[in-house]
Each structure stands twice: as structure tokens, then as C-alpha cells.
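These notes concern the structure reproduced below.
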Amino acid sequence: MSQPLDQRCDIPSLKLNREMEALAWQARAHIVWGKPPEEVREEMLRCGADEETAQRVLYVCLKERDASVRRRGWRSLSIGLVLIAGCTLVIETVIRNEVNLGVRILALPIAGFCFGVFFVLRGVERTLFASSVQEPDVDEEPWGP
């Protein structure tokens, strides 16, 4: 790659002409929505980008996507740990105080605990394996508000 890892890593820093910059923003959108990099590269080459420009743009877009997925992973991990801790505290309090609330009441903190485990696992996956996550890197659905 022609750009060292410690330099600024975004599309404007590539100093592309107007047409190539528009193509780079389109490539970024495809990468963010989870389109495979090889397909994006081929599309850029079809639209007039040379191989070096396509590689530089893909490098920048993939680095940005990986950083974003990792941030979302840390957020999921934090939410999951808070859920696990809170639900464990509720369950332990109910059991230690021998409160007779019934199974239906305990189902809520148990479900929260399970949901917390799911968030922790998803957070670990996103944090450690950001470049292999296949889902779109957005918090809302494409048809959402």
C-alpha cells in the first residue's frame, strides 16, 4: 500500500479528483453495507478508476469499517456486561432473601441475563474479528427513519 498506517485514513486525505472522490464515497457506502471488497474493486475499475486508486480507496474504506465495527463491539460488550451484572444481582437478591415471587418474576432477570450473554458474545466477535464480520455496519435498518 502507498499509505503508511499512521497517516490520516479517510477519503479526503487521498486527494482524488472530483469524479474519483465521488466514486470513492460510493465505494465506501457499498463497503459499509457489507458488499464484498472484491465486488467493490471490480465496480470501481469498471467506472474508470485505476488499480492503485481502487486499492487505496478500499484500504481506507475497510480500515474505517473495521474501526466502526470495533466501536460497536465495545458498546455491545459494555451493554452485555451491565445486563449480566444487573440481572445476576437481582437473581442473587431474590434467592438470598428467599423472596417467594414465583417463577414468572424470575423469568425476566433470567431473560435479561441471557440477553446480556448474547451481547457479550456479539461484542467479543465484533471487537476481535471486525474484518470478518459480514453484517452491514449500521445501527438502523436501511428503511428506518
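The values are calculated or read from the model by the stated rules, or taken from the named source; none is laboratory data. Keep in mind it's a predicted model, so treat the numbers as computed, not measured. All Cβ positions, glycine included, derive from the backbone under ideal geometry; neighbour counts span all protein chains shown.
Restricting attention to the stretch 13-29, the residues that are within 22 Å of the chain's Cα centre (by Cα) and surrounded by fewer than 18 Cβ atoms within 10 Å (Cβ to Cβ) total 3. Scanning the stretch 30-43 for residues that are aliphatic (A, V, I, L, M) and surrounded by fewer than 18 Cβ atoms within 10 Å (Cβ to Cβ) yields a single hit, 32. Looking across the stretch 31-59, the residues that are touching a Leu at 6+ places or on another chain (Cβ under 8 Å), within 18 Å of residue 133 (Cβ to Cβ) and aliphatic (A, V, I, L, M) come down to 31, 40. No other residue among 108, 83, 121 is surrounded by 14 or more Cβ atoms within 10 Å (Cβ to Cβ) and either free of Cβ contacts under 8 Å to residues at least 60 places away in the same chain or outside any helix (DSSP H, G or I) (or both) apart from 83.
Quick check on the stretch 127-145: of everything there that is part of a helix (DSSP H, G or I) and surrounded by 15 or more Cβ atoms within 10 Å (Cβ to Cβ), which residue is modelled with the highest pLDDT? Top of the filtered list is 127.
Could you say whether any residue in the stretch 44-58 is among the polar types (S, T, N, Q), more than 20 Å from the chain's Cα centre (by Cα), surrounded by fewer than 14 Cβ atoms within 10 Å (Cβ to Cβ) and part of a helix (DSSP H, G or I)? Among the residues of the stretch 44-58, not one is among the polar types (S, T, N, Q), more than 20 Å from the chain's Cα centre (by Cα), surrounded by fewer than 14 Cβ atoms within 10 Å (Cβ to Cβ) and part of a helix (DSSP H, G or I), which makes the answer no. Residue 94 meets the conditions (1) touching a Pro at 6+ places or on another chain (Cβ under 9 Å); (2) modelled with pLDDT of 85 or more; (3) more than 28 Å from residue 15 (Cα to Cα); (4) aliphatic (A, V, I, L, M) in every case but one. The failed one is (2).
Pairs linking a residue in the stretch 91-105 that is farther than 20 Å from residue 116 by Cβ to a residue that is at pLDDT 70 or above and of a type in the set (Val, Ile, Thr), with Cβ atoms under 7 Å and 6 or more positions apart or on different chains, are 101/94.
The residue list 16, 58 contains one member that is at pLDDT below 85 and in contact with a helix residue (DSSP H, G or I) (Cβ under 8 Å, 6 or more places away or on another chain), which is 16. Taken together, 124, 40 contain a single residue that is within 25 Å of residue 24 (Cα to Cα) and at pLDDT 85 or above, which is 40.
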